[in-house]
Structure formats: C-alpha cells, structure tokens
Amino acid sequence: MIVANRKPLAEIREMVENCDKILILGCKGCVTVCNVGGAREVSILASILRIARKKEGRLLHVDEMTIERQCDPEYIEQVKDRVGQYDAVVSMACGVGPQFLSEAYPAQRFFPAVNTTFFGGAIQHGVWAERCAGCGTCIIHYFDGMCPIARCSKSLLHGPCGGSANGKCEISKEVDCIWDKIVRKKMEEGHLKDLLDPKPPKDWRTARDGGPRKSVREELVQ
Amino acid sequence: MSELKSGSNLEKVLKAGHFAFTGECGPPKGANVEHLREKLSHLKGKVDAVNITDNQTAVVRMSSWAACAILIQEGLEPNFQMVCRDRNRLAIQSDILGAYALGVRNMLCLSGDHQTFGNHPQAKNVYDIDSMQLISLVKKMRDEQKFMNDEEIDVAPKLFIGAASNPFAEPFEFRVYRLAMKIDSGADFIQTQCIYNMQRFRGFMKRAVDMGLHERCYILAGITPMKSVGMAQYMAKAVPGMDVPESLIKRLRGAGKGKVAEEGIKFAVEQIQELKEMEGVAGVHLMAIEWEHRVPEIAERAGMLPRPKV
Amino acid sequence: MRLSYPSNVKVIQVPCSGRVDIIHLLKAIEDGADGVYVAGCLEGECHFLTGNFKAKKRVQYVKKVLEELGIEPERVEMFNLSAGEGPRFAEIATEMTERIRELGPSPVKPQNAA
C-alpha cells in the first residue's frame with residue numbers, strides 16, 4: 001500500500017491560517033490502513049485544529065467526512081454537494097487525493113494534510129517499511145523476493161557494497177542491508193551462482209525517470 | 001595481458017612484475033591549487049600513481065578529473081577515482097572522455113559513500129549504474145570503442161581499470177566472489193580497503209589465490225597508517241566495513257605520549273614488508289590521509305624506493 | 001467505604017483504559033475541560049493484557065499535541081492504580097485537581113473567544 005505520515009501540525013495550521021470554515025476529507029484506502037488518513041485520524045485532526053483556534057479565540061468551523069477512495073472519480077463525485085462551501089478542503093489521502101479533487105473541483109482549494117512517503121507494509125504494529133520503488137520493471141525474482149532497488153540505499157544490482165556491517169547499511173544501524181540478506185539467503189540455499197551473473201544496467205524509462213507515467217488497459221477503456 | 005591496455009605507468013610497473021606502490025590525495029575543499037601542488041610535491045617520485053578521490057565521504061571537493069589534470073602538470077600519474085553516486089550514465093561517460101583527453105590513464109570505479117555521510121545530505125542520489133556496471137562500461141568504451149548504448153566512440157578512452165575490494169565487509173564469505181565478479185567485469189587491478197587485521201587478510205588472499213584471481217588481475221593491498229589512538233578508535237567504531245583489531249589499538253596506546261604516530265608508521269612499514277612476500281599481492285596502495293608529507297619516509301623505511309622506471 | 005473526592009472531577013466509566021482513545025481526550029479539552037486524566041490498572045495487571053499501555057501511549061500523544069499547540073501538557077495525565085485502591089483514587093483526584101488549579105483555567109475555554 002501507499003504509506004504516508006501526517007504533516008506537522010504547525011504546517012497544517014499555517015495552511016488553514018486564513019480559513020474560517022474547512023472540511024477535512026479522509027480516505028478509506030491505504031491511508032486508513034496505515035492509520036494516517038481514515039475516519040479516526042480525520043476526527044483527531046479536526047479536534048486538534050478546533051482546539052488550536054479556540055485557544056486563539058478565533059473559532060474554526062471544521063466538518064469531517066471520509067470517502068471510499070480519493071483516487072477514483074466515482075468516489076470523488078460523492079463530495080460534489082459539499083465542496084464550494086469551504087474556505088479549504090484538507091485532504092488526508094495520499095498525494096493523489098488532493099490532485100484528483102483539484103481536477104474535479106477547480107474552484108475549491110484543496111490542501112494536503114499528509115506527506116506521502118513510500119510503497120510498503122506494516123512490519124509490526126505501528127511500524128511500516130518500504131518495499132517497492134515503483135520502478136516499473138520488477139526484478140525481485142532474481143533476488144529471492146527482495147528488492148535491491150527500493151531497499152538498498154544505493155540501489156545496487158551487484159551488492160553488498162563495502163559499507164555493509166553486521167547486516168546493517170552504512171547509512172544507519174537502523175537500516176537493514178538488503179544485500180546482506182540476499183547473499184545469505186542465496187548461500188543458505190546453495191544458489192550463490194545466481195548472483196554471480198552480471199545484471200545489465202537498469203532501463204529507468206519505466207520508472208519516474210522516464211517522465212510522468214500512465215497505464216492504459218485497452219480492454220477496459222470505454 | 002600481452003599488450004598494454006592503457007600504457008599507464010602503473011600498468012607498466014605491474015606488467016614488468018614490480019611490486020607496485022600507489023598513493024592517494026584528496027582534492028582541496030575549494031580551488032586552492034597551491035595547497036594541492038604542495039601535497040603532491042611529497043608524492044612525486046615516491047609512488048607509481050596517485051589516486052585522486054572523488055568527493056570522498058560525500059563531501060564536496062574540487063572535481064576529481066580537474067585535480068588529476070593538475071597532477072599531470074606536476075609530472076605525476078593520477079588514478080582517477082569515480083563514484084556512481086553523483087553522475088548518471090551521460091555524465092559518467094562524458095567525464096571519462098574528458099579525463100582521458102586531459103591525459104588520465106588509470107581509473108578506479110567505485111559505488112561511493114552514500115550522501116548521508118557528507119556535507120550535502122539533502123542531495124538526490126543518482127546510482128544510475130553501480131560500480132560493477134561502471135567497470136564493464138569503461139571496459140566496453142576501451143575494448144569495443146562503444147558507448148553504453150553501442151554507438152561508436154570517435155577516439156576511445158584507453159584506461160587501466162581499477163576496482164575496490166573490501167575483504168573485511170560482510171558477509172565475509174561473499175567478498176572474494178564479489179572480487180571475482182569485478183575481475184570478470186573487467187577490472188585490471190584492485191585496491192583493497194585499509195587493512196589492519198593481517199590475519200584475516202591472509203585468509204582472504206589465500207582464497208583469492210586458490211581461485212586464481214591474482215593471475216587475472218593485480219591486487220594492491222590498502223594501507224593507512226594510524227596517526228593516533230583516537231583515529232584507530234574512530235575507524236574501529238564509526239567506519240562501516242573496517243576491521244581494527246583491539247590488539248593494534250593496545251599497541252598504539254602502549255607507545256606512549258608523542259610516540260603513537262611513530263608506532264602507527266612502524267606498523268604500516270611492517271605490514272608492507274609482509275605484503276611484499278604475500279602470495280597474490282601485486283603491490284600496496286598507501287592511503288596516508290592528510291599525511292602526504294610522511295609518505296616519503298614510509299616508502300623509504302618499507303624499502304619501496306627508488307620506484308622503478310619502466 | 002465512602003471516600004470523598006473533588007466534585008469537579010467528572011468520572012466516565014469504561015471497561016478498560018485501553019478503550020480510551022486519543023479523540024476522547026481531545027474532545028474533553030476541545031469542549032472546555034481544564035484537565036483530563038485516565039485512571040488505568042497497574043501496569044502488568046491489565047485484564048486485557050495491554051489496555052493500560054495503549055492508554056499510556058495515547059495520553060503521551062495528546063500531551064505532545066497540546067505542547068505543540070502551546071497548551072500545558074500537564075493538563076492530561078495517566079495514572080495507574082488497582083481497582084481495590086479506593087483511597088488512592090481519591091488521592092489522585094485531589095492531586096490532579098490541585099495541579100489544574102495551579103495551571104489555571106484552560107486557554108481553550110469558550111469564554112476566551114474574542
């Protein structure tokens with residue numbers, strides 16, 4: 001899923017500084033799963049913003065709403081009657097949400113309340129980790145299901161580099177060296193030979209480097 | 001290895017069977033050419049080639065190729081270091097052509113320290129290709145006279161290709177295979193990470209020799225003399241992939257006040273003397289970090305002078 | 001045992017302190033409470049194993065939020081006591097009331113509105 005973090009309160013407060021009436025719009029997709037932008041987080045942020053403004057003696061009217069997904073015109077349609085009445089709509093979806101909303105309702109201002117960070121999953125309750133870089137050409141089958149593009153700090157295809165120590169990456173003792181894991185797994189399995197074949201330089205055109213991407217499925221296009 | 005690949009002094013020294021001796025110099029943090037020339041003056045005639053680092057530890061310095069050109073003006077031979085961190089394949093290939101045009105004949109291919117170490121941790125990293133692919137690329141440019149995209153090169157760069165190896169990084173068992181991959185990719189010579197644990201290095205070299213790697217490539221052992229106990233402790237603790245045995249730290253500490261640097265040099269000289277006799281080791285790469293002025297003394301005491309004329 | 005505790009403390013019963021969410025604490029502050037605290041079981045004695053630890057983390061979260069908003073974090077607190085400790089319950093109520101008195105009224109009070 002897409003993992004995100006709520007923006008610092010100070011930043012969100014600054015965005016809505018000149019607003020008297022806002023809507024906080026949650027999303028039941030990825031950001032609900034990673035506990036950042038679902039109905040619960042919408043109510044928390046709404047309460048925090050009200051408290052902040054009550055303290056300043058300048059009331060802020062905050063409405064709350066959470067829709068199925070903010071990355072789908074079908075659900076974006078559901079807020080049609082709500083937009084237009086607010087000084088701003090604060091989206092708690094990933095970066096896709098406020099953009100889809102802005103495209104659908106150009107007259108309404110939309111602000112992002114979260115920083116979209118990576119594609120990953122929960123490795124334990126409350127902890128999420130990156131697993132995919134969305135490079136557009138998956139190669140994890142060469143590496144026993146571990147992605148060196150997303151999980152090696154240098155995206156090396158022939159690791160581990162000289163900075164690998166105690167199974168950790170040179171950048172931090174908190175970061176696993178994925179190449180250490182790949183090599184150890186291959187050695188355990190007796191498949192070290194797999195790693196000795198050189199990999200060609202990656203074609204980054206399928207990644208963001210090739211420009212903004214689009215996926216067209218002819219059989220679905222109407 | 002019948003005819004010369006680059007015609008560099010380093011290549012000729014190694015090919016003639018001499019025990020090679022290379023030095024290292026970091027370009028200035030600025031355009032202070034005088035300071036660079038001063039540092040280089042200590043190395044002239046004392047080493048076969050001088051590695052010029054490329055924004056080492058991800059700290060911005062004068063570009064490696066420019067410092068190489070100054071070194072050539074001074075009558076020394078550079079070993080142009082290039083990291084994959086700062087350039088995509090366009091910049092890599094154009095810098096290789098530029099460096100070659102300025103007279104560079106040796107090149108060391110590296111991944112590079114991650115930028116979080118350096119003085120611009122906010123930077124976007126590149127890593128378009130990795131060090132293994134960089135080695136193959138330089139080889140392709142030299143031997144096939146083609147760019148990465150297979151287009152013809154009009155006057156190809158003929159470089160003596162170097163690569164790094166860290167015998168002490170983990171997983172240990174894999175390191176010699178990674179070295180073999182670098183040789184397969186086209187490395188003509190290898191310079192290792194700083195060695196302090198001689199016992200482990202002996203084990204590493206034995207495996208390399210058993211695999212016949214020393215016959216396919218020249219392996220230069222990396223030496224960095226310890227200047228102080230603090231430096232030894234820092235390297236032991238803070239530098240990933242560095243193996244500094246406790247016994248060495250103890251030995252340095254035991255030297256007593258004012259004598260630690262001398263003890264560090266003594267240890268380095270002993271190491272070089274042992275390495276000269278070690279099977280499969282074709283030379284020593286001396287990384288005397290900000291200690292260039294001590295290189296002549298170390299070279300002398302280790303019996304590395306005079307350097308062969310080839 | 002009829003122990004008296006300050007009448008300004010409004011008790012809201014929940015089956016486990018783990019049921020108390022961040023929003024409940026925030027709502028209390030938003031609606032004008034001068035302080036709010038959670039009385040959970042002793043650590044290690046939660047009937048649901050970790051309810052009181054969850055509550056503790058949520059209290060910490062709200063404290064951090066209040067601090068960011070320039071409101072005294074001491075207005076929110078977590079206490080741990082066993083169900084059999086009636087006198088301790090009264091003591092905590094008094095302690096918290098005194099603490100809030102010292103801090104004065106919440107800056108979030110509606111009368112603060114301009």
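The values are calculated or read from the model by the stated rules, or taken from the named source; none is laboratory data. This one's a predicted model, so the numbers in the text were calculated from it and none came from an experiment. Every residue, glycine among them, receives a Cβ derived from its backbone with ideal geometry; neighbour counts consider all protein chains shown.
Each row is one residue, and each column tells you yes or no for (1) within 10 Å of chain A (Cβ to nearest Cβ); (2) not charged (D, E, K, R).
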{"position": "C:Glu45", "(1), (2)": "no, no"}
{"position": "C:Phe53", "(1), (2)": "no, yes"}
{"position": "C:Gly84", "(1), (2)": "no, yes"}
{"position": "C:Ile92", "(1), (2)": "no, yes"}
{"position": "C:Arg101", "(1), (2)": "no, no"}
{"position": "C:Lys109", "(1), (2)": "yes, no"}
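For region B:125-140, does any single residue satisfy the condition of being more than 18 Å from A:Pro200 (Cα to Cα) and at pLDDT 95 or above?
No.
Count, please, the residues in region B:273-300 that happen to be over 14 Å from B:Val47 (Cα atoms), in a helix (DSSP H, G or I) and touching a residue at least 12 places away in the same chain (Cβ under 8 Å).
Residues flagged as over 14 Å from B:Val47 (Cα atoms), in a helix (DSSP H, G or I) and touching a residue at least 12 places away in the same chain (Cβ under 8 Å) within region B:273-300 amount to 4.
Against the conditions (1) farther than 26 Å from A:Gly126 by Cα; (2) at pLDDT 95 or above, where does C:Ser82 fall short? Just the number, please.
(2)
Those residues that are under 30 Å from B:Lys237 (Cβ atoms) and more than 14 Å from chain A (Cβ to nearest Cβ), I need them from region B:129-161; list them, please.
none
Given the criterion within 14 Å of chain A (Cβ to nearest Cβ) and crowded, with 21+ Cβ neighbours inside 10 Å, identify the matching residue among B:Val83, B:Val104, B:Val126.
B:Val83
Does B:Val244 satisfy the criteria of being of a type in the set (A, V, I, L, M) and either more than 22 Å from B:Phe117 (Cβ to Cβ) or surrounded by fewer than 16 Cβ atoms within 10 Å (Cβ to Cβ) (or both)?
Taking the combined requirement at face value, the residue does not satisfy it.
A quick yes/no check of all residues on (1) small (Gly, Ala, Ser); (2) surrounded by 11 or more Cβ atoms within 10 Å (Cβ to Cβ); (3) free of Cβ contacts under 8 Å to residues at least 40 places away in the same chain:
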residue: A:Asp176; (1), (2), (3): no, yes, yes
residue: A:Lys181; (1), (2), (3): no, yes, yes
residue: A:Arg184; (1), (2), (3): no, yes, yes
residue: A:Lys199; (1), (2), (3): no, yes, no
residue: A:Trp204; (1), (2), (3): no, yes, no
residue: A:Pro212; (1), (2), (3): no, no, yes
residue: A:Val216; (1), (2), (3): no, no, yes
residue: A:Val221; (1), (2), (3): no, no, yes
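Which members of region B:40-88 meet the condition of being outside any loop (DSSP other than H, G, I, E, B) and touching a Pro at 6+ places or on another chain (Cβ under 7 Å)?
Of everything in region B:40-88, those that are outside any loop (DSSP other than H, G, I, E, B) and touching a Pro at 6+ places or on another chain (Cβ under 7 Å) turn out to be B:Ala49, B:Val50, B:Ile52, B:Ser64, B:Ala67, B:Cys68, B:Leu71, B:Ile72.
Here is a yes/no grid of residues against (1) hydrophobic (A, V, I, L, M, F, W, C); (2) in contact (Cβ under 8 Å) with a residue 60 or more places away in the chain; (3) closer than 28 Å to A:Pro201 by Cα:
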| position | (1), (2), (3) |
| --- | --- |
| B:Ser41 | no, no, no |
| B:Lys44 | no, no, no |
| B:Asp54 | no, no, yes |
| B:Val60 | yes, yes, yes |
| B:Ser63 | no, no, yes |
| B:Cys68 | yes, no, yes |
| B:Glu74 | no, no, no |
| B:Cys84 | yes, no, yes |
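Can you find even one residue in region B:178-190 that is assigned to a strand (DSSP E or B) and either surrounded by 21 or more Cβ atoms within 10 Å (Cβ to Cβ) or without any contact (Cβ under 8 Å) to a residue 12 or more places away in the chain (or both)?
yes
Got a number for residues in region B:230-241 being β-branched (Val, Ile, Thr) and farther than 16 Å from B:His114 by Cβ?
0
Condition check ((1) over 13 Å from the mean Cα position of the chain (by Cα); (2) assigned to a loop (DSSP other than H, G, I, E, B); (3) under 26 Å from C:Arg2 (Cα atoms)) across all residues:
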site	(1), (2), (3)
C:Ala55	no, no, no
C:Arg58	no, no, no
C:Val62	no, no, no
C:Leu66	yes, no, no
C:Ile71	yes, yes, no
C:Glu77	no, no, yes
C:Gly84	yes, yes, yes
C:Arg88	yes, no, yes
C:Glu91	yes, no, yes
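Mind checking which residues of region B:107-123 are more than 20 Å from B:Val239 (Cβ to Cβ) and buried (at least 24 other Cβ atoms within 10 Å of the Cβ)?
Of everything in region B:107-123, those that are more than 20 Å from B:Val239 (Cβ to Cβ) and buried (at least 24 other Cβ atoms within 10 Å of the Cβ) turn out to be B:Met107, B:Cys109.
Given the residues A:Gly145, A:Gly134, A:Gly126, which is the only one that is exposed (fewer than 14 other Cβ atoms within 10 Å of the Cβ), closer than 30 Å to B:Asp128 by Cβ and small (Gly, Ala, Ser)?
A:Gly145
In region B:116-148, what count of residues is obtained for those that are of a type in the set (Gly, Ala, Ser) and either in a loop (DSSP other than H, G, I, E, B) or free of Cβ contacts under 8 Å to residues at least 24 places away in the same chain (or both)?
2
Here is a list of conditions, (1) surrounded by 12 or more Cβ atoms within 10 Å (Cβ to Cβ); (2) more than 9 Å from chain B (Cβ to nearest Cβ), and A:His191 meets all of them except one; can you say which number that is?
The one condition A:His191 does not meet is (1).
From the list B:His35, B:His18, which one is assigned to a helix (DSSP H, G or I) and out of contact with any Asp or Glu (no Cβ under 7 Å at 6 or more places or on another chain)?
Of the residues listed, the single one that is assigned to a helix (DSSP H, G or I) and out of contact with any Asp or Glu (no Cβ under 7 Å at 6 or more places or on another chain) is B:His35.
Exactly one of (1) away from every other protein chain (no Cβ under 14 Å); (2) touching a residue at least 40 places away in the same chain (Cβ under 8 Å) is unmet by A:Glu41. Its number?
Among (1) away from every other protein chain (no Cβ under 14 Å); (2) touching a residue at least 40 places away in the same chain (Cβ under 8 Å), the lone unmet condition for A:Glu41 is (1).
If A:Ala122 satisfies all but one of (1) hydrophobic (A, V, I, L, M, F, W, C); (2) closer than 15 Å to B:Ser111 by Cα; (3) touching a residue at least 60 places away in the same chain (Cβ under 8 Å), what's the number of the condition it fails?
Only one criterion in (1) hydrophobic (A, V, I, L, M, F, W, C); (2) closer than 15 Å to B:Ser111 by Cα; (3) touching a residue at least 60 places away in the same chain (Cβ under 8 Å) is unmet by A:Ala122, namely (2).
Looking only at region B:9-64, count every residue that is surrounded by fewer than 17 Cβ atoms within 10 Å (Cβ to Cβ) and of a type in the set (Gly, Ala, Ser) and tell me the total.
Qualifying residue count for the region: 6.
Could you go through region A:140-162 and let me know if any residue there is closer than 30 Å to B:Val244 by Cβ and away from chain B (no Cβ under 12 Å).
Yes, some residue in region A:140-162 is closer than 30 Å to B:Val244 by Cβ and away from chain B (no Cβ under 12 Å).
Out of all the residues in region B:241-284, which are under 19 Å from the mean Cα position of the chain (by Cα) and among the small types (Gly, Ala, Ser)?
Within region B:241-284, B:Gly241, B:Ala268, B:Gly280, B:Ala282, B:Gly283 meet the criteria.
Which of (1) surrounded by 22 or more Cβ atoms within 10 Å (Cβ to Cβ); (2) β-branched (Val, Ile, Thr); (3) not in a loop (DSSP other than H, G, I, E, B) is the odd one out, the single condition A:Val36 does not satisfy?
The failed condition is (3).
Residue by residue through region A:15-33, note down the ones that are in a loop (DSSP other than H, G, I, E, B) and either of a type in the set (A, V, I, L, M) or touching a Lys or Arg at 6+ places or on another chain (Cβ under 6 Å) (or both).
A:Val16, A:Gly29
State which residue is farthest from the chain's Cα centre (by Cα) when the search covers only region A:57-91 and only residues that are within 14 Å of chain C (Cβ to nearest Cβ) and under 26 Å from C:Pro107 (Cβ atoms).
A:Gly57
Let me spell it out: the conditions are (1) outside any helix (DSSP H, G or I); (2) away from chain A (no Cβ under 14 Å); (3) farther than 19 Å from B:Met141 by Cβ, and B:Asp113 meets all of them except one. Which number is the exception?
Condition (2) is where B:Asp113 drops out.
For A:Ser164, all conditions in the list (1) under 22 Å from B:Ala123 (Cβ atoms); (2) polar (S, T, N, Q); (3) at pLDDT 95 or above hold save one; what is the number of the exception?
The one condition A:Ser164 does not meet is (3).
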